[in-house]
Amino acid sequence: MKVVVADDHVLVRDGISHSLRSLWNDLDVLEAGDGAQLLDVISNNNDIDIVLMDLYMPDTDGFQVLEKICNTWPELPIVVLSASESSAHMRRTIDIGASGYVPKSLSKEIMLSALQLVLSGGVYIPPASLLESNKDSQVPNNGAVANEYKELPNLTGRQYDVLKLLIKGKTNKDIAKSLGLSEYTVKIHVTAIFKALEVSNRTQAVIEAKKMGIKED
């Protein structure tokens with residue numbers, strides 16, 4: 001398991017690395033202290049499993065760095081670890097393409113559970129009760145956040161079933177088992193869902209589904 005930990009505080013990086021080793025004994029941790037170092041580390045390692053990054057580092061616009069990573073390496077899971085508990089910040093990072101947002105005030109156990117969920121193909125969003133409500137926030141979001149529900153997509157009943165399980169963070173294997181389908185059939189449904197929602201990955205599909213008011217059962 002190869003993980004990148006990006007934070008400008010050495011003690012924070014050491015603490016996160018120590019926590020991660022409780023999950024993976026064969027862990028290889030790469031570190032970065034700012035956005036430029038983070039991009040350099042990712043560019044020089046093509047076998048990274050997941051990135052954990054702070055939004056606020058020296059000489060770094062965390063949102064721009066996140067967007068650069070998501071656009072250049074769209075399949076690389078990224079979890080944002082932030083001191084901010086702003087719901088606006090959380091929405092913006094997820095809309096850009098992060099697979100998770102973990103406030104630093106949460107416990108080590110929650111962080112590790114969030115990472116396991118993301119690595120299984122899910123998306124971690126902290127409960128609303130843990131975030132500050134910022135409906136009137138002026139934080140720029142590139143038009144990515146919408147408060148209104150959109151028109152529901154033209155999906156079959158089975159595709160809605162698959163989509164609801166995607167929202168729960170289930171992997172294709174889990175979905176296949178739950179619905180009594182083959183993994184190949186699930187992949188076909190997922191592809192159709194992406195097309196209907198006009199998205200290119202699971203994270204974006206979950207975001208769009210929630211905007212439309214589609215909820216897990």
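The values are calculated or read from the model by the stated rules, or taken from the named source; none is laboratory data. Everything numeric in this text was worked out from a predicted model, so none of it was measured. All Cβ positions, glycine included, derive from the backbone under ideal geometry; neighbour counts span all protein chains shown.
Within segment 39-55, residues that are outside any loop (DSSP other than H, G, I, E, B) have Cβ atoms under 8 Å from residues that are charged (D, E, K, R) and surrounded by fewer than 19 Cβ atoms within 10 Å (Cβ to Cβ) in these pairs: L39/K68; V41/E31, counting only partners at least 6 apart in sequence or on another chain. The set of residues in segment 72-103 being surrounded by 17 or more Cβ atoms within 10 Å (Cβ to Cβ), assigned to a helix (DSSP H, G or I) and not hydrophobic (A, V, I, L, M, F, W, C) consists of S87, H89, R91, R92, T93, D95. Quick check on T72: is it of a type in the set (V, I, T) and modelled with pLDDT under 85? In short, no.
Within the span defined as segment 104-121, every residue fails to be surrounded by fewer than 13 Cβ atoms within 10 Å (Cβ to Cβ), modelled with pLDDT under 85 and among the charged types (D, E, K, R). Restricting attention to segment 1-55, the residues that are hydroxyl-bearing (S, T, Y), loosely packed, with under 14 Cβ neighbours inside 10 Å and at pLDDT below 95 add up to 1. So, D161, is that one over 29 Å from V3 (Cα atoms), modelled with pLDDT of 85 or more and charged (D, E, K, R) or not? Yes, satisfied.
Scan segment 188-214 residue by residue and report those that are farther than 22 Å from R92 by Cβ and surrounded by fewer than 15 Cβ atoms within 10 Å (Cβ to Cβ). I188, T191, K195 - these are the residues of segment 188-214 that are farther than 22 Å from R92 by Cβ and surrounded by fewer than 15 Cβ atoms within 10 Å (Cβ to Cβ).
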